[in-house]
Structures are given as C-alpha cells and as structure tokens.
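K.L.:
Have a look at this one before I ask anything.
The values are calculated or read from the model by the stated rules, or taken from the named source; none is laboratory data. What you see is a predicted model; the values in this text were computed from it and never measured. Cβ placement follows ideal geometry from the backbone for every residue including glycine, while neighbour counts extend to all protein chains displayed. These area figures cover heavy atoms from the full protein model, side chains too; ligands, DNA and RNA do not enter into them. Shrake-Rupley method; radii C 1.70, N 1.55, O 1.52, S 1.80 Å.
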Amino acid sequence: MFSYYLKLSLKSIRKNPYLSGLMMIAIALGIGASMTTITVNYLMSSNPIPHKSEQLYYVQLDSWSPHFPAQEPNEPPDQMTWRDANNLMDAQQAFRQTAMASSGAVIEPPDRDNKPFMASLRLNFADFFPMFDAPFLYGRAWEYADDKAGNYVAVISKETNDRVFGGENSVGRPITIGGQQFTVTGVLDDWVLVPRFYDVTTGAFKGTEDVYIPFAMKELMQLPNGGNTNCWKSPEGEGFEAFLQSECVNYQMWVELPTQADKNAYMAFLNAYAEEQKALGRFPRPLNNRLSDVMTWMENQEVVADDAQMMMWMAFLFLLVCLLNTIGLLLSKFATRTGDIALRRAIGSPRSAIFSQYVMESALIGVIGGLLGLGLALLGLQGIKQLYGSFVSDLVELDLTMVMLAIALSIVASILAGCYPAWRACSVPPASNLKTQ
Amino acid sequence: MLIMTNLEKTFRTDLVETHALRDFNLEVKEGDFVSVTGPSGSGKTTFLNIAGLLESYTGGTYMLDDYNVATLNDKQRSRLRNEKIGFIFQSFNLIPDLNLFDNVDVPLRYRGLGSAERKKRITESLEKVGLGNRMKHLPSQLSGGQQQRVAIARALAGEPRFLLADEPTGNLDSQMAKSVMTLLKEINLQGTTIIMVTHDPELAMQTSRNVFVKDGKICDAADVHTMPLASNQ
Amino acid sequence: MSRWELGPILRAMTRNKVGAILIALQIAVTMTIIVNAAYIIVERHTMMQRDSGLDEQNSFYLTTTGFGADFEPKRVITEDLDLIRRTPGVVDAIQINAIPISGGGWSMSLTTETGDDADDVNTANYMTDEHGSNALDFNIIAGSDFVASDVRWRERNQTDWPDKALVTKALAESLFPESPWQESVGKTVYIAEDEPVIITGIIDKLQAPWIGWSNLEHAMITPEYLVSESTRYFIRTEPGQRDRLMAELESTLADKYPNRIIRDVTTLTDTRERSYRQHSAMITILTTVMFLLTLVTAVGIVGLTSFNVNRRKKQIGTRRALGATQGAIIRYFMLENLLISAGGLLLGVVLTIALNMALIEWFSITALDWFYIPIGVVVLWVVGQLAVLGPALRASRVPPAIATRTV
C-alpha cells in the first residue's frame, strides 16, 4: 500500500509542479532558518565534557564588600582572590582541583631565524589536564610536586609545538617563555572545547591556550593579569605582592567531586573556610559560597547569547508561517480533487485510505522540503560564519544529530500541516460530486 | 431590437480555420420569444454568446438597441449586459458561497443601485419565482429546479429587456422543466424579449418563433406552427 | 458603496473560514516578526551610529612587546613617540593603556566624597600625555588641557594616582548632577573612596572601550605614561595616509629596536567593525528574515489567490455575464484580501505587542515605539494588495463566455 500511495503522491506533485514547488520552498525556508538557529544554539549550549560535567564544579567564594554584592541581586564574585585560590589549593580537599589564571608572554624560539611571538598563557595546577581531559600528543602533564616546588615546566599546544619545534616531539626540551627558560613536559593534541567552559570570563567561545605553566609562575615571574580583574577595595601597599594579597579577583577555581557526598563534604569545607577567614577579618558578607557543575555554571554565565536565542524563537515563528502557508496551499490543492476523492470513495476506498494517501503526499512534500532546508541550513551557517567572523567557526558545524533533527522536524511539521487538509479531503461524501462534475 | 447582419465568427489556430458562424442574419423584435435549435456544434452557443455580448465576432454587424456592438469597449459592453440583458444558464451558475438573496443581488450591485432599491427588487423577484421564503438558503440546499428559479429571479431583478437562456431546462427533470418553461412564458407575456437556445423541439414549439442553426448558418427560419417536428398537439 | 460588495464578500468568506483564517494567521505572525525585527534593526542601527569621538577614518594603533633582560621601557617609549610624531603624515601619536570601543580596557569607580558607602560612578580610565586631545581628536570645552609637566611615569605595580584628570562632559554630569557641567572644573573626586583627584578640564566627547556598557560616554584621562614591556601606541594620521603609515611605522619601529614584537596593527575602522560585528550581523540576519518572510507570505497569498481564481473561474465568468466590469472583478479580489488582511493585522497588532513584551521579559530589548505598529500594518496591507494584484488581473481576464460553457 505504501508504495502505491507514494506513487499517487508523486503523480499528484508532478501534476501541480508550481504549487508543490511553492510548498517545498516554503518548508525548506522554514526548516533552513530553524535549523541554522537551532544549530547555533545547540552548539552554544552543548555540553563540552558530557561524561563528567556533573562531577566538575566551579568554586565561588563570597569575599566581596559589606556594602554591596559583587553582582545584583546577591551573587558572589565570579572569580577568586589569589589568597583564597592558594589556600584552597593548599587544603587539597577535593579529589582533583585546580586554580587558574590567564596571561600572556613572549616566546623566543631557540632557532634565531624563527621570530619571537606573543603567546596566550594559562596558569594552572597539574590536575587541570586530567580534570578537563586534555589530550596529549607527546609526553604528559607535570606533577603536583612541580607545582609545589615552583619548577619551570610547561605543556604546550600542538600549534605552539609546530611553530617552535617544527612539530617534533619536544618533551624534555627547553623553551623560553617571558624571558624565562622552561622545560616542556608534554605537547597537547588539537583541543577544541565548545564552549571553552573552564574560563568564560572573557567570552565562552575562545580557543584553548598556546602554553600552560604552573600557577605559581604568576608570582615568580610577576606575570600581567589576563581576563577581568575586579576589586571592591584598593590593594593595601605598593607593588606586585600587595596586589596579589589584595581583595581583587582574577582567578578561577575548579574541583572534581565524583559523588554527591564528596560535594557535600567540599561545600562544608568551603563554609568552614569562609568562617575561618571571617575570624581573620575578611569575608564581611553573610555565607554565600557556591559549587556549580559545568552546565549550571554555563547557564549562570549566560553562555548562550541573547541574540542567538532571540533568532531561534523568530525562526520558529518563521517556520510557523511557512507551515500555515503549506496548510493553506494543501487545502486548496485537495479541494480541487473532491471529484477524484468522491469517485474513490464511491468505488469502495475507506476513509482511512484517502486520509493516508493525502497525509503521505504532505509528508513527501515535507521530506523534499526538509532536504532542501538542510541545504539552506548549510548555507545559513556559512552565512553566520561570514557575518560573525572566524571566532564562531567552531559553532557552525552540522552534525548527524542536527541532520536527523532537520529531517524529523520537516516530516513532523509537514504531516501536521497535512492532517487537516487530508481530513477535510476524506470527509468528502462518496459520489456527491459525480453528477455535476 | 436585436439585429445581426452577415455576422461571422471564425476561430483561428495555426493550422485550421473554423467558421462557427457565417452569414448569420437575424432580427429579433421587441417582445419576441425566439427559440434557437440545431444539432451539437452547430453554433447555437456561439450565437448566444455573441448576442449576450460575452464574445466578440469577426465580421458583419450586430446592433443591439441602436448600439453597434463592435464599437463598444469592454466596460461599455459590461454595462450593456448589466442593464439590458438577463442570462439563464444550463447549469444555473449560482455562486455557491452566497445565499439566494446575495446571488440575486450580484447584478444589482454592479448597476450601483441603492440598498433599499436592491432589497425591494430582490424580494420581489424571489417571490415571483416562489422562493421568497428561502432568501437565506444556500444554493446547495435547493433542488435543481429551485436553483434555476433563483437564476431566473437573478435575471429578472435587473428588469432586462432581453433574456438569454442557454438550455435552461437541460439539467432538470421534465416536471421541473415544465414549470421553468411556464415561468419563462409568463415573463415573455409581461414584455421581456426572450432568446432561448435548446435542443428540445418540444420546448421550441412553445415559443413564438424558432430558428434552426446548422453549420453556423440559419437554415430554416420557420414559424412555430409550420415546424417539421411539430407534434400533433 | 453598493459596488464594493463588502457584505457579500464577508458572508462568502464565512463559507470558507479555514482558508481565510490561514491567510490571516500567516499575516498576523508575519507582522509580529517583521515589526519586532524592524524595531531591533533600527535600535541596533542607532547604536552603531554612536560617535566614538575619535577621528576613526584616520587612526590606528599597534602594540609593541619588548623582551630580553636589557629592555628599557622608558627609553624605548620616549624614543618611539618622538620618532612617530616626527614621521611625515602623522598628525599626532600617544601611548595609551586602552583603545576606545575596542572591547578591552580599564574601568574604576569614582565618588564625590570619601567614605565606604558613598555612591559611586563608574568610568573608563585612559592614561596618556598632553598629546591626547590631538591624537584622540577631542576638545577641552572647560578648564584646561594637560601640559607636559603634568605627565608622570606610572611604574609597574604602582597603585596611586596623579592628582589631575580630564573627564568627559557626560561623566561630569553623572558625578555632579546638581550643577552645570562647566562647574565641575576644579572639583575633587575620589578614586577607591579615598584618593583625591582634581578635575582640571572637561572633554566634549570620548567613548569607553566597551560598546555594550551603559556608561559608554564615561571616560576619564589621567596624565601618565606606563612603564611596561608591552605598550600600545595610538596614531592619528593625515587623511589618506593611514594605510601607508601602518606598514611603514611597523617596519620602522621593528628596525629601530629589534628585541620586540610588533603586533595587532589595527585601524579604528576595523576595530569598530569587529566591536559592532554582532550587531551588524544581527541586522543582516533580521533583514534577511524580514525579506524572506514577507516573500513567503506574499508568495503564499499569490498561490492561494491563484488557486481560488482557478477554482472560481466559472463564477467569475458568470459575474462578468451579469455585468461585472474587469475592474469590478479586480476590486472583488483586492477587497477580499483587504478584509482578510484586516483581520490578520488586527491579531498581528496584539501578537506584536505580546512578542515585544516577551522579548523585554527574556532579553534586553526595550519597548517598541508605537508608530512601528501602524507602519507595519500599512506595509503588510500594501504587500497583500500587491500580491493579490497579479491573480486578480488574471481573474479579470477570464472570458465571460466561460459562463455558458458546460463542463
């Protein structure tokens, strides 16, 4: 029966090529617009580390001013002070933990012909790499002992390795970063995180860094602040050390807590820590510490841009218009076939057969429209890439899920659009129109 | 007065030239009831279309009440149709989405009559055909005969000088056909000129004059009473 | 009026409710989207038109980062500025800590009195010397500009502030809302609640680095050079000289002192483009959506009307036979569309306001100006009428003789 209906549908589509084409184009436009915006939103809100996103927690301590919160209504600061980051690291209360900062420095390749260049730096602890599943091409992460001892060790990105060492295995070789000689312990493979969840303070869709060095280098090398620095009071005293010891926040802290019990224990530890600091005259605000898992933190930081969401809702409305359009056109189309339907009914077609036949025709139009729509979505994503520039290029890939979704969406949409006209068609009484036709 | 002189109608395609009407001469006087008969494809309908200003012709002259039809533009012809001619079609041609009142109202609105005047005419003409109590009904709720009565009411409401009927009983059973014919005769008696195309000799016999068309020509303009097919009535 | 067939059209429409409702809904949703989209477009466009105060067409900047143990920032900066300022085609050049409208910079809060809980006003902070007014193209509209002796060197990690500052007129008004801005000259404001700075001059216009910031017009300049390996020069050129000087200065500076990296040589026009890219992209996308949507709706109307014309051919012929002129047939279809559109647009007005309220609720959108709604109504009405025109003309050409044809 299926193939018979398919044949009838194809015939009917060919009979009104313009009208059918119009419907397909309308569905294609609606699906294209929806898929483009859904894809952008889907990638923006995608889980960058699905298997352990519920075990990784961003740590917030409310060290802010007694007079006003870091952010209305009563949000703790989104970053941490140097002092607190180091205290929490020293405590080692989580399964894994890393405090982080960002910075930048000049890298001088050993080869004199190879020009020095500016590299982005991430300052972090050894746990950073296993916590965030950083893929290694050569070598491995440094040890916690290196962190403690302040050893000059570095993990470099594949790109940096290509640039400085011509892509060779550089483990154990020296590299000059910010005028200081480091030893390479590992080279990362390509590492794309969308969003780059571990630090979203200056935008969620930046690439991973060129070079990773121990957190302690901030102090040892007096590295400049990357990202945002916020202070609710001025540093007391002059110099780099005074700044580090101030209430200014510029550091991020992540912990890995495999179970709910671990999480509860860590929360209790944080609160105890805050009480301890209160006793020292810090933390003037009421207790307000937070542990947010990856997706909660992404939501809190509003990683999905308003514009992208707004466009998605508008695209859905667009699809709605296209469907209304299709329903109208299908109604008109089926209305001209009352004679045919009446004849079929008169020779014994059950109502359900007529219904199936017409829904099939709608679905067929939907599938063709949906496929065209996929093509349009690809174009749309290219357009978005053009408009927003390369920094969103990781955001504009169509994956298999999206393709399936597009096809499903177009079939569901077109069947929904086809139901009412098909129902109208199959309620034509048998033989009513035979006489006057 | 309707006078056709040497009227010709030719359909041209790239290959063929078909003469639908040729050397067609006819004069219909005020108050006539003319029937036009002839075999299928003889040109009856073409004649009616030209007479009703629905179609143009390719040669000869056609005068309708001192208007030379050839000189009129589409707008003037529409106006003439609206004011002087009423139509009755074989398949009634009522507008299915409109109730009886609105159906009869259609030509009156084109004439630009005021609403009181229109209402009066619609009511009167529907009453005249015996459907005064069904003004809010839709055509689909009526029988064929009733639908044709509505069509007649629609034609009459405009008080036309000429009533052109195209097989008015073609889609009706004999009972209904008879009552429609009676109605037409009544209308004719009240002074409206009627030209009726039919293939039914029995109907033709009831008119005051019959015109027999064959191959686009009038072959035989006979008095009803000398018609060869006259029955023994 | 009787020729306008309003009543019969309406009554006939109730026989074909679904078709009419579908078009009306389509028009309603289309209006909802295009009016809101148009509003957002205009809002973004207005935002993009804001003047930074700079001579954007003829300005660029670059970053130089020195390395190596023997790098002497003070000497290099002094010599660099001297060299750049003497280069033919350069209007002026400065060292500056941040670039207006670039997205990255320094901000701080100022108070007009000391104490912990004094109300603060946030402002962007620029650090440059007495050449600032010439390079950044601003005018001192009250008080006086810096002189060379005002300018100090801010050492690495130095946290105190100079005792003089220039502020924009907008900042002066925010700091001292009670008095005219001219009177702000000579007044003292406090950085970090306790460090006094005297306002010595008012700037007509200079924007902050962050275009999305509510205090975009708040800027303050303190007279200082920064001692740093990594430093930024802002260069204003004579008209038409920018591109040549960008390439020329990059190599001159690199040659003069090889132990450094010169990077991010960027024009202000590129910076503006990049900063506002999100908004210009939104404008392009929404414009495309508006266009496509209007097209889909219009084509839908054309399709449905054409279909109706085909279906009603006999009826049209009959109407012609009954005396309808071609004009009357066109009028019929136009009027029918006008009525359906009226229903759709009425609903559209409600939905437009509803969507706008939803956007206000969920996103940072402000309330629609009322006049967008009547404009939207008129535009869609016209679109509907234009869409119907084609099929209506075709309808008017249906030969009246079709009435006598028995199918």
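K.L.:
Measuring from label point to label point, each 7 Å out along Cα→Cβ, what is the A:Leu287 to A:Ala353 span in nm?
P.N.:
For the pair A:Leu287/A:Ala353, the computed spacing is 7.5 nm.
K.L.:
Also, I was wondering about something else. Cysteines without a disulfide-compatible partner in chain A, using Cβ under 4.7 Å as the rule?
P.N.:
Within chain A, the cysteines lacking a partner Cβ under 4.7 Å are A:Cys322, A:Cys419, A:Cys426.
K.L.:
Separate question: To the nearest 0.05, how large is the calculated FRET efficiency for B:Lys29 and C:Met334 if R₀ is 45 Å and r is the Cβ-Cβ distance? All intermediate terms of the calculation are to be shown ahead of the outcome.
P.N.:
Working: r = 43 Å, r/R0 = 0.95.
Rounded to the nearest 0.05, the efficiency is 0.60.
K.L.:
Give me the percent of DSSP beta bridges within chain B that run antiparallel, rounded to the nearest 5.
P.N.:
So the antiparallel bridges amount to about 55 percent of the total.
K.L.:
Return the residues of the range A:320-363 for which accessible area with all protein chains present is lower than in the chain on its own by 20 Å² or more; set the probe to 1.4 Å and exclude ligands, DNA and RNA.
P.N.:
Buried-area filter returns A:Val321, A:Leu324, A:Asn325, A:Gly328, A:Leu329, A:Leu331, A:Ser332, A:Ala335, A:Thr336.
K.L.:
Report, by chain and number, residues whose modeled amide H sits under 5 Å from the one on C:Ile99, excluding near sequence neighbours (fewer than 5 apart, same chain).
P.N.:
Answer set, sorted by chain and number: C:Gly104.
K.L.:
May I pose another question? Could you give me D for the range A:51-300, from Stokes-Einstein at 37 °C and 0.692 mPa s, where the hydrodynamic radius is the Kirkwood radius over C-alpha pairs? Units µm² s⁻¹, please.
P.N.:
175 µm²/s
K.L.:
Another question, if that's okay. With both bridge residues required to lie in the protein assembly as shown, what share of the DSSP beta bridges run antiparallel, to the nearest 5%?
P.N.:
In the protein assembly as shown, DSSP labels about 70 percent of beta bridges as antiparallel.
K.L.:
Given the DSSP H assignment, sum -39500 (n - 2.57) over each helix run of at least 4 residues in chain B and divide by its residue total; what's the result at 222 nm in deg cm²/dmol, nearest 500?
P.N.:
Estimated from H runs of four or more residues: -10500 deg cm²/dmol.
K.L.:
While we're looking at this one, here's another question. For the interface of chains C and A, what total accessible area is buried with a 1.4 Å probe, rounded to the nearest 100 Å²?
P.N.:
On the way: alone 20120 and 20610 Å², together 36620 Å².
Approximately 4100 Å² gets buried when C meets A.
K.L.:
Find which of A:Ala26, A:Cys231, A:Gln252 sits farthest along the positive direction of the dipole of the protein assembly as shown, computed with +1 on the beta-carbon of Lys and Arg, -1 on that of Asp and Glu, about the Cα centre.
P.N.:
Farthest towards the positive pole: A:Ala26.
K.L.:
Extending each Cα 7 Å along its Cβ direction at C:Leu389 and C:Ser149, get the distance between those two points in nm, one decimal.
P.N.:
7.6 nm
K.L.:
Also: Which ³J(HN,Hα) values in Hz, rounded to whole numbers, follow from the phi angles of the range C:180-194 under the Karplus curve 6.51 cos²θ - 1.76 cosθ + 1.60, where θ = phi - 60° and Gly and Pro get x?
P.N.:
Using θ = phi - 60°, the values come out as x, 4, 4, 7, 5, 4, x, 7, 10, 10, 10, 8, 6, 6, 9 Hz.
K.L.:
Enter the accessible area per residue of the protein assembly as shown (Å², integer; probe 1.4 Å; all protein chains in place).
P.N.:
Here the residues of the protein assembly as shown average 42 Å² of exposed surface.
K.L.:
Shifting gears a bit: Let me check I've understood the local charge: for C:Pro209, count other residues with C-beta under 13 angstrom from its C-beta, Lys and Arg +1, Asp and Glu -1. What total comes out? Let's see the in-between values first.
P.N.:
On the way: positive: C:Arg232, C:Arg272, C:Arg274; negative: C:Glu217.
Summing Lys and Arg as +1 and Asp and Glu as -1 gives +2.
K.L.:
Which of the residues in the range C:40-76 lose at least 40 Å² of accessible area when you go from the chain alone to all protein chains together (probe 1.4 Å)?
P.N.:
C:Phe67
K.L.:
Rounded to the nearest 20 debye, what is the charge dipole size of the protein assembly as shown about its Cα centre when +1 sits on each Lys and Arg Cβ and -1 on each Asp and Glu Cβ?
P.N.:
9000 debye
K.L.:
Return the loop-located GluC sites (Glu not before Pro) in the range A:154-262 (DSSP other than H, G, I, E, B) with at most 11 other Cβ atoms within 10 Å of their own Cβ; answer none if there are none.
P.N.:
On the way: sites: A:Glu159, A:Glu168, A:Glu209, A:Glu219, A:Glu236, A:Glu238, A:Glu241, A:Glu247, A:Glu256; in loops: A:Glu168, A:Glu209, A:Glu236, A:Glu238, A:Glu247.
Counting only loop positions with at most 11 other Cβ atoms within 10 Å, the GluC sites (Glu not before Pro) in the range A:154-262 are A:Glu236.
K.L.:
Find how much the distance from A:Glu159 to A:Gln301 grows on full extension, using 0.36 nm per residue of separation minus their present alpha carbon separation; answer in nm with one decimal.
P.N.:
The span from A:Glu159 to A:Gln301 would gain 48.2 nm if fully extended.
K.L.:
Any idea how far apart B:Ser115 and C:Ile360 come out in nm if each label point goes 7 Å out from Cα toward Cβ?
P.N.:
Output for this residue pair reads 4.0 nm.
K.L.:
Next question. At 1.4 Å probe size, with no ligands or nucleic acids counted, give the accessible surface of A:Asp78 in Å², nearest ten.
P.N.:
Around 50 Å² of this residue is reachable by solvent.
K.L.:
When all protein chains stay in place, what accessible area (Å², nearest 10, 1.4 Å probe) is found for A:Tyr144?
P.N.:
80 Å²
K.L.:
With an 8 Å Cα cut-off and a minimum separation of 6 or more residues, compute the relative contact order for the range C:72-258 in percent. Let's see the in-between values first.
P.N.:
Working: 385 pairs, mean separation 60.7, N = 187.
Over the range C:72-258, the number comes to 32 percent.
K.L.:
Now for a different question. By how many nm would the segment from C:Val382 to C:Lys17 lengthen if fully extended, with 0.36 nm per residue of separation less the alpha-carbon distance?
P.N.:
Length difference between fully extended and current span is 129.1 nm.
K.L.:
Continuing with this model, one more query. State, as an integer percentage, the relative contact order of chain C based on alpha-carbon contacts under 8 Å between residues 6 or more apart.
P.N.:
In percent, rounded to a whole number, it is 27.
K.L.:
To continue, here is another question. Ignoring the sites themselves, what is the longest stretch of chain C with no trypsin sites (Lys or Arg not before Pro) in a DSSP loop and at most 16 other beta-carbon atoms within 10 Å?
P.N.:
Free of exposed loop sites, the longest segment is C:188-396.
K.L.:
Here's something else I'd like to know. Quick one: compute the contact order of the range B:21-80, relative version, from alpha carbon pairs under 8 angstrom and 6+ residues apart, as a percent.
P.N.:
Details: 23 pairs, mean separation 12.1, N = 60.
That works out to 20 percent.
K.L.:
List every residue whose amide H lies under 5 Å from the amide H of A:Met221, counting only residues 5 or more places away in sequence or on a different chain, with H placed 1.01 Å from N in the peptide plane.
P.N.:
When sequence neighbours closer than 5 places are left aside, there are no close amide H contacts.
K.L.:
Please give the residues from the range B:97-112 for which the solvent-accessible area of heavy atoms, probe 1.4 Å, is smaller by at least 40 Å² with all protein chains in place than with the chain isolated.
P.N.:
B:Asp97, B:Leu98, B:Asp102, B:Arg109, B:Tyr110
K.L.:
For chain B, which longest stretch is free of loop sites, where a loop site is one of the trypsin sites (Lys or Arg not before Pro) that DSSP puts outside H, G, I, E and B and that has at most 13 other Cβ atoms within 10 Å?
P.N.:
Maximal segment without exposed cleavage sites: B:30-135.
K.L.:
Okay, moving on. Using a 1.4 Å probe over the heavy atoms of the protein chains, calculate the carbon and sulfur portion of the accessible area of the protein assembly as shown as a whole percent.
P.N.:
55 percent
K.L.:
Would any residue of the range C:77-116 have its amide N under 20 Å from a label point 7 Å out along Cα→Cβ of A:His67? List them or say none.
P.N.:
The answer is C:107-116.
K.L.:
Given a Förster distance of 51 angstrom, what is the FRET efficiency for C:Leu10 paired with A:Asp399, based on the Cβ-Cβ distance and rounded to 0.05?
P.N.:
0.50
K.L.:
What size of dipole, in debye to the nearest 20, comes out for chain A about its Cα centre when the only charges are +1 on Lys and Arg C-beta atoms and -1 on Asp and Glu C-beta atoms?
P.N.:
3320 debye
K.L.:
In a shell of Cβ-Cβ distance under 11 Å around A:Arg351, excluding A:Arg351 itself, what net charge do Lys and Arg (+1) and Asp and Glu (-1) give?
P.N.:
Once all neighbours under 11 Å are counted, the net charge is +2.
K.L.:
Hey, got the average number of other protein chain Cβ atoms within 10 angstrom for residues in A:29-36?
P.N.:
If you average over the peptide's residues, the count of other-chain Cβ atoms is 2.
K.L.:
Along the range A:377-388, what does the Karplus equation 6.51 cos²θ - 1.76 cosθ + 1.60 (θ = phi - 60°) give for ³J(HN,Hα), rounded to whole Hz, x for Gly and Pro?
P.N.:
5, 4, 4, x, 5, 4, x, 4, 4, 4, 6, 8
K.L.:
Find how many whole Å separate the alpha carbon centroid of the range C:291-365 from the alpha carbon centroid of the range A:82-159.
P.N.:
That distance is 64 Å.
K.L.:
List the pairs from A:Lys115/A:Lys158; A:Lys15/B:Lys75; B:Lys29/B:Lys120 whose alpha-carbon separation is above 27 Å, in the order I gave them.
P.N.:
A:Lys15/B:Lys75; B:Lys29/B:Lys120
K.L.:
So what's the gap between the Cα centers of the range A:193-245 and the range B:12-26, to the nearest angstrom?
P.N.:
If we compute the Cα centre of each part, the gap is 96 Å.
K.L.:
Between A:Lys206 and A:Gln386, what FRET efficiency comes out of the Förster formula 1/(1 + (r/R0)^6) with R0 = 22 Å and r the beta carbon distance, rounded to 0.05?
P.N.:
Efficiency, rounded to the nearest 0.05: 0.65.
K.L.:
Can you return the aspartates and glutamates within cross-link range of B:Lys217? Criterion is Cα-Cα under 15 Å, with same-chain partners fewer than 8 residues away left out.
P.N.:
Leaving aside aspartates and glutamates fewer than 8 places away in the same chain, those within reach of B:Lys217 are B:Glu8, B:Asp23, B:Glu27.
K.L.:
Ok, one more. Find how many whole Å separate the alpha carbon centroid of the range A:1-23 from the alpha carbon centroid of the range C:113-147.
P.N.:
Each part's Cα centre sits 72 Å from the other's.
K.L.:
What per residue convex hull volume, in Å³, comes out for the protein assembly as shown when only alpha-carbon positions are used? Show your work: numbers first, answer last.
P.N.:
Values: hull volume 275.2 nm³, N = 1077.
It is 255 Å³ per residue.
K.L.:
State, in square angstrom and to the nearest 100, the accessible area buried between chains C and B, both chains counted, probe radius 1.4 Å.
P.N.:
Adding both sides of the contact gives about 2600 Å².
K.L.:
If you stretched the chain out fully between A:Leu280 and A:Ala261, how much longer would it get, using 0.36 nm times the residue separation minus the C-alpha to C-alpha distance?
P.N.:
Contour length minus Cα-Cα distance gives 4.0 nm.
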